[in-house]
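Chemist: Dropping the structure in here first, questions after.
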Number of protein chains: 8
Amino acid sequence: MITAFVLILATAGKERDALEKLKNMPEVKEAYMVYGEYDLLIRVETDSLKGLDDVIMGKIRKMPEIQLTSTLIAV
Amino acid sequence: MITAFVLILATAGKERDALEKLKNMPEVKEAYMVYGEYDLLIRVETDSLKGLDDVIMGKIRKMPEIQLTSTLIAV
Amino acid sequence: MITAFVLILATAGKERDALEKLKNMPEVKEAYMVYGEYDLLIRVETDSLKGLDDVIMGKIRKMPEIQLTSTLIAV
Amino acid sequence: MITAFVLILATAGKERDALEKLKNMPEVKEAYMVYGEYDLLIRVETDSLKGLDDVIMGKIRKMPEIQLTSTLIAV
Amino acid sequence: MITAFVLILATAGKERDALEKLKNMPEVKEAYMVYGEYDLLIRVETDSLKGLDDVIMGKIRKMPEIQLTSTLIAV
Amino acid sequence: MITAFVLILATAGKERDALEKLKNMPEVKEAYMVYGEYDLLIRVETDSLKGLDDVIMGKIRKMPEIQLTSTLIAV
Amino acid sequence: MITAFVLILATAGKERDALEKLKNMPEVKEAYMVYGEYDLLIRVETDSLKGLDDVIMGKIRKMPEIQLTSTLIAV
Amino acid sequence: MITAFVLILATAGKERDALEKLKNMPEVKEAYMVYGEYDLLIRVETDSLKGLDDVIMGKIRKMPEIQLTSTLIAV
């Protein structure tokens, strides 16, 4: 299993909408709105690197509320 | 009481408009246009983390003149 | 309750030692070694901002294995 | 008069010592320990850019508790 | 010969399209979609700094799928 | 006299247009397109901090070809 | 197979030594000294995420010539 | 001819010493101490990329007063 944390810069003003959408995705196990150098932090779990690709590149990064992501893959 | 500093990247060319709007918000106690790695720096005071959320996520980040914020919460 | 995520740059080569120490702290609820722009990511829970100060400033940042931290406080 | 904000990365574990020293400098009008992408934020006021140099380059950056500074000069 | 690596932030959701276009450029010798602080990493080879300019400034940065590039020129 | 260097992220694909406009401004004494973490670097000279404001905030940051600036003011 | 690129900040003045050591590691398939926001860029190939851990955390980050790494894992 | 700008983070408190040494190097055509996200900015001119290597990697980065450099090579 692959665990990844995704640090997200949301489109300013759209962070709540992004949070709601992310919370409804089955691969997103935790989702927080945060203060600091990013706006949202989520934990994603998938079966494989390929599955991670489907979630992050295929779904999350296509959301119009999201501007930038930085992914941290757990060792 | 919560004190937070918000470092802001304004939409280029809109920093003066953003500054004027921010100065009119009661929770914004100081507001400066600055040279350096950010464009604006403000000090916000609220009664609680919830109140900070209302100001930063609910108002400031919804301003079209603002692109990115990084919040520093005082210890 | 306050939930905070701490993104950590460890002293290169000392990230495993840092991870072990962090996992033994009661306020650290999750701790991961990660690939990406940071080396470690932890979730801290405390009763108050004051308690967060005791953990992050008073303990974590005093560890010699840790170089830099960036704290994201959950809204 | 010149107003500048200095964002500071302190040596991990030394942020309280740095804060105390900074608070004792007459040109430092405000000093906060913060959570986020920096550790300390101070407001400095001097009569001239030359005076700012004396404070930031001549004193603050020579403190062993300080690793990195990013100065924002108010417009 | 000049070898350069270009680290790319793609428009969120457009990284696959960008990757396809980049792979079709003769000067782009390797192209990867990546997890981390950037979205794409490519290796470019040209005969001269002038040629690098034609590729990076003249073609790659004009692609609508690309938001930001940081170029690392091999020594 | 105030000397400042402005590091600029241009709108991708518009860096040449930005360079031409900047070169025509009397306060801009040097202007370069560069490879690295920024796209353009210019040197600005003005009589005062107020004059710097007029150039950077009043003119340069209003150019549609410019996304982000980071100003370094010479000591 | 896992392909990862590691962006490296070397201890200033030690980048050549680091480069030589890295070139002698079998998992390091390419290694370059570069100009830009990092000092070295390498491509690592391993059979698994576990193998990547052995190389990056177990060997590369333990080298005294290396200060900071940012890993980009290819999709 | 190659023109490069080097953005430098100096060891805190050593920026004046670094500046003096840099000003004495024949390839360094301009050298400034600056306020902002870096501490020093210099312009280097050499005959070739190889010559740039000799100056930046062979001399500047070996100075103990320098912690980090980011090189911008003019197009």
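Chemist: Among what's in region C:34-53 and is open to solvent by less than 20 Å² (accessible area, probe 1.4 Å) and within 11 Å of the chain's Cα centre (by Cα), pick the residue that is nearest to the other protein chains (Cβ to nearest Cβ).
Modeler: Only one residue tops the list, namely C:41.
Chemist: So in region H:54-73, with the set limited to residues that are of a type in the set (A, V, I, L, M) and over 15 Å from residue H:27 (Cα atoms), which one is most open to solvent (accessible area, probe 1.4 Å)?
Modeler: Checked region H:54-73; the qualifying residue most open to solvent (accessible area, probe 1.4 Å) is H:68.
Chemist: Checking residue H:31 against (1) under 9 Å from the mean Cα position of the chain (by Cα); (2) touching a residue at least 60 places away in the same chain (Cβ under 8 Å); (3) open to solvent by 10 Å² or more (accessible area, probe 1.4 Å), only one condition comes out false. Which one?
Modeler: (2)
Chemist: Anything in region E:54-72 that is over 28 Å from residue A:7 (Cβ atoms) and either among the polar types (S, T, N, Q) or at the interface with chain F (Cβ under 8 Å from one of its Cβ atoms) (or both)? List them, or say none.
Modeler: Passing the criteria: E:57, E:62.
Chemist: Regarding residue C:25, is this residue more than 10 Å from the chain's Cα centre (by Cα), open to solvent by 10 Å² or more (accessible area, probe 1.4 Å) and touching a residue at least 12 places away in the same chain (Cβ under 8 Å)?
Modeler: Taking the combined requirement at face value, the residue does not satisfy it.
Chemist: Show me the strands (runs of 3 or more DSSP E) entirely contained within chain C in which 1 or more residues are closer than 21 Å to residue B:48 by Cβ.
Modeler: It comes to C:2-10, C:40-46, C:66-74.
Chemist: So which residues in region D:1-19 are open to solvent by less than 10 Å² (accessible area, probe 1.4 Å) and of a type in the set (A, V, I, L, M), if there are any at all?
Modeler: Hits for region D:1-19 are D:4, D:6, D:7, D:8, D:10, D:18.
Chemist: Related question: Restricting attention to region D:25-68, report how many residues are modelled with pLDDT of 95 or more and among the polar types (S, T, N, Q).
Modeler: Total meeting the criteria: 1.
Chemist: Using beta carbons and a limit of 6 Å, which pairs, at least six apart or on different chains, have the first residue in region A:1-13 and within 7 Å of another protein chain (Cβ to nearest Cβ) and free of Cβ contacts under 8 Å to residues at least 40 places away in the same chain and the second one outside any strand (DSSP E or B) and open to solvent by less than 20 Å² (accessible area, probe 1.4 Å)?
Modeler: Close Cβ pairs satisfying both conditions: A:12/B:61; A:13/B:61.
Chemist: Are any residues in region G:11-24 modelled with pLDDT under 95 and hydrophobic (A, V, I, L, M, F, W, C), and if so, which ones?
Modeler: G:12
The values are calculated or read from the model by the stated rules, or taken from the named source; none is laboratory data. Since this is a predicted model, take the numbers as computed values, not measurements. Cβ atoms come from the backbone with ideal geometry, glycine included; neighbour counts cover every protein chain shown. Areas reflect the complete protein model, heavy atoms only, side chains present, ligands, DNA and RNA absent. Shrake-Rupley method; radii C 1.70, N 1.55, O 1.52, S 1.80 Å.
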